[in-house]
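Novice: Dropping a structure here in structure tokens format, bear with me for questions.
The values are calculated or read from the model by the stated rules, or taken from the named source; none is laboratory data. Quick caveat: nothing in here was measured; it's all calculated off a predicted structure. Ideal geometry is used to build each Cβ from the backbone, glycine not excepted, and the neighbour counts take in all protein chains shown.
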């Protein structure tokens, strides 16, 4: 089976769908001729023509706004926000328009649209290249939100997103583009070629939206994570020697509640980790649904480890990033609680 | 502070209590503006963004190069369509006052723009309207009863009670779902047109926006994308002088006209008498032909006047003189077309009165039929169960749980 980086897997997902369906068009800032600043669309314009993959003006609301019009026409646009931090000008188009079109028109018009964006920190990007805004999207009815943690899922989730008849937000942890990252920034980067999830099948396959997966089985504690924090949580469990079960949510909305519920009822303990800021983050929603579904099985309070409630700093990146030490420490506290 | 800086806040010519003054509105003589070929170099018609294309003169004659795009039969049909829109508005305004629905918006005085524009489009073309283009639907013979059921949010509401009154949607009639947020759909129209070009078809889009909303960034986004990709789209600005209580100068700023916004983008930009049914149709046809011939976008500022309140929640006497409507120099679109047709001896006062009565009866019958399916305040309303449908193609588990919790 071919081995791919997450970038190559994302590029391949585009290529598979563009070859299969003439209605798939791809555009964004630097996306066409150059192939994207992270190279996720490299070669697509050459292969599929300028009609199908092209450069857009630096205008996020225009990119998403035109894509909504294209989706209403019958195309399946896949647009890239260069960084998740740049999506805010497009917020009105995403929230008031893309997410609402099916509902408000009673199905007269639909919006099969994918908005991809690199998310998260770990690359010394400072406050405008490091944010994790997923909770802003999960709060909006009518949107689906996914966060892959590896090349296999990145391709399968993106294909599923392109085939979905509703708007899907795909947040791609940029620190994972070239290799898994467990939070240990002093260690040399491990390439995806050495990781089992760097094995990516050729051709079309999907990772269905709404399905999480257990990355590490365990009996004592359930860790709910997604994106980069899946790898951090796995490494933290090893380092503190706790038999933790690490769940990679993969899709935030719709959420795989049966998987979460079964695991927490089994372990009786739950830790939630995300890179995004703590307050009103998606972790708060997870705490609420776990408490609601599993309260009488819980042996300890549910804890969260998240980014501090500050803007994402530059120099202090590794004090901000919720690394193994904080995640491992929280695991111990949940076990003691 | 001792510096000389002062903030400039534009003010309209007059406020309530003052005498209406439209001396600043420069009106070109009917027939005086040339009609260039559709493949004209935009640089050669920059002056047209500052003039006004008019066909009907004060005597009611159709004059100049833009006249002659419609036959007498088509003009008579157009007159009746505008009368139908006005009668529909009158009935629905009354229905709102009677408490049968929550909200209504008329297009009084602006009927010619949507009604004539629709006639320049083909089936399959798509409008991205604002809330004041009901004429697009009525001119395309969309069932009046369906519009009323939407306004009443009743059991037969095509939108299942999910949208504010008048936020219609009809793909079959080339009428994109109205959002209610301003300007957002201007750029979507450009995207729809880009999609049509990508697929190599011959369908075109029409974007709609009001003078006030041109200040939104989505308007400028629309111009950027339309200009860059030469999208087959007609970019319509309905300048009815008022954005709720805010006069057009607040959005226009230092630009001479709204049409002139297009010049920096290299988009051919016209300014047209929006109360002149013949001028509207001729200019629309010109822009539509440009779009369909792959010549790209056209920006059109339709100069008109919002003769009524912004909506049923607005009272314009608080911010503009009551006499302003009558003083508006471009007159009333229905009266002007009526006079033209009478002058041509294909219409008469008697037939006009008779047509008014027929149209009123038609609207009343549709209203009775619609009300038999319910009104917002008496019901029956769309089901609560249905409130949870259509958020996604398939209902996700969390919404199913919430529907059960709500008791459905």
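Novice: Identify all residues within the range A:299-337 that are part of a loop (DSSP other than H, G, I, E, B) and free of Cβ contacts under 8 Å to residues at least 12 places away in the same chain; write none if there are none.
Specialist: A:315, A:316
Novice: Within the range B:232-241, identify whether any single residue is more than 13 Å from chain A (Cβ to nearest Cβ), surrounded by fewer than 24 Cβ atoms within 10 Å (Cβ to Cβ) and either under 15 Å from residue B:288 (Cα atoms) or modelled with pLDDT under 95 (or both), and answer yes or no.
Specialist: No, the range B:232-241 has no match at all.
Novice: A follow-up question, please. Only one of A:82, A:93 is free of Cβ contacts under 8 Å to residues at least 60 places away in the same chain and assigned to a loop (DSSP other than H, G, I, E, B); which?
Specialist: Details: A:93 fails: assigned to a loop (DSSP other than H, G, I, E, B).
None of the other options fit; the residue is A:82.
Novice: Have a look at A:11, A:52 and point out the one that is surrounded by 18 or more Cβ atoms within 10 Å (Cβ to Cβ) and in contact with a strand residue (DSSP E or B) (Cβ under 6 Å, 6 or more places away or on another chain).
Specialist: Only one candidate passes the filter, namely A:52.
Novice: Among the strands (runs of 3 or more DSSP E) lying completely within the range A:98-177, list those that include at least 1 residues that are away from chain B (no Cβ under 14 Å).
Specialist: Correct list: A:114-119, A:168-173.
Novice: Quick one: residue A:185 ticks every box in (1) crowded, with 16+ Cβ neighbours inside 10 Å; (2) modelled with pLDDT under 95 except a single one, so which number is it?
Specialist: (1)
Novice: Name the residues in the range B:156-185 that are more than 8 Å from chain A (Cβ to nearest Cβ) and either in a helix (DSSP H, G or I) or in contact with a helix residue (DSSP H, G or I) (Cβ under 7 Å, 6 or more places away or on another chain) (or both), would you?
Specialist: The answer is B:156, B:157, B:165, B:166, B:168, B:172, B:173, B:175, B:182, B:183.
Novice: Let me ask another. Only one residue in A:34, A:54, A:91 is more than 14 Å from every other protein chain (Cβ to nearest Cβ) and within 24 Å of residue B:224 (Cβ to Cβ), so which one is that?
Specialist: A:34
Novice: Is it the case that some residue within the range B:191-207 is within 30 Å of residue B:24 (Cβ to Cβ), modelled with pLDDT of 95 or more and out of contact with any helix residue (DSSP H, G or I) (no Cβ under 6 Å at 6 or more places or on another chain)? Spell out the reasoning first.
Specialist: First, pick out the residues of the range B:191-207 that are within 30 Å of residue B:24 (Cβ to Cβ): B:206-207.
The next check asks that each one be modelled with pLDDT of 95 or more; those that pass are B:206-207.
Now narrow it down to the ones that are out of contact with any helix residue (DSSP H, G or I) (no Cβ under 6 Å at 6 or more places or on another chain): B:206.
Checked against the condition, which is being within 30 Å of residue B:24 (Cβ to Cβ), modelled with pLDDT of 95 or more and out of contact with any helix residue (DSSP H, G or I) (no Cβ under 6 Å at 6 or more places or on another chain), the range B:191-207 yields at least one hit.
Novice: Let me ask something else about it. Given the structure, is residue B:225 crowded, with 20+ Cβ neighbours inside 10 Å, assigned to a helix (DSSP H, G or I) and within 9 Å of chain A (Cβ to nearest Cβ)?
Specialist: Yes, satisfied.
Novice: When you scan the range B:187-202, how many residues do you find that are within 8 Å of another protein chain (Cβ to nearest Cβ) and in contact (Cβ under 8 Å) with a residue 12 or more places away in the chain?
Specialist: 9
Novice: Then there is this: Taking the criterion of being under 21 Å from the mean Cα position of the chain (by Cα), under 24 Å from residue B:327 (Cβ atoms) and surrounded by fewer than 16 Cβ atoms within 10 Å (Cβ to Cβ), would at least one residue in the range B:71-92 satisfy it?
Specialist: Yes, some residue in the range B:71-92 is under 21 Å from the mean Cα position of the chain (by Cα), under 24 Å from residue B:327 (Cβ atoms) and surrounded by fewer than 16 Cβ atoms within 10 Å (Cβ to Cβ).
Novice: Quick check, is residue B:284 out of contact with any helix residue (DSSP H, G or I) (no Cβ under 7 Å at 6 or more places or on another chain) and farther than 30 Å from residue B:16 by Cα?
Specialist: Answer is no for this residue.
Novice: Testing residue B:336 on (1) modelled with pLDDT under 95; (2) in contact with a strand residue (DSSP E or B) (Cβ under 6 Å, 6 or more places away or on another chain), one condition comes back false. Which one is that?
Specialist: (1)
Novice: Something else: Among A:253, A:247, A:260, A:272, which is the only one that is outside the structural domain of residue A:175 (by TED's automatic domain parsing) and surrounded by fewer than 23 Cβ atoms within 10 Å (Cβ to Cβ)?
Specialist: A:260
Novice: Read through the list (1) surrounded by fewer than 14 Cβ atoms within 10 Å (Cβ to Cβ); (2) modelled with pLDDT of 95 or more; (3) over 17 Å from residue B:84 (Cα atoms), then give the number of the only condition that residue B:392 fails.
Specialist: Result: residue B:392 fails condition (1) only.
Novice: Could you please give the count of residues in the range A:220-250 that are without any contact (Cβ under 8 Å) to a residue 60 or more places away in the chain, over 30 Å from residue A:163 (Cα atoms) and touching a helix residue (DSSP H, G or I) at 6+ places or on another chain (Cβ under 6 Å)?
Specialist: Here the count works out to 2.
Novice: Tally time: how many residues in the range B:353-408 are within 14 Å of another protein chain (Cβ to nearest Cβ), at negative phi and not in a helix (DSSP H, G or I)?
Specialist: The total comes to 10.
Novice: Evaluate the range B:119-133: report whether one residue or more is in a helix (DSSP H, G or I) and farther than 22 Å from residue B:338 by Cα.
Specialist: No; the residues of the range B:119-133 include none that is in a helix (DSSP H, G or I) and farther than 22 Å from residue B:338 by Cα.
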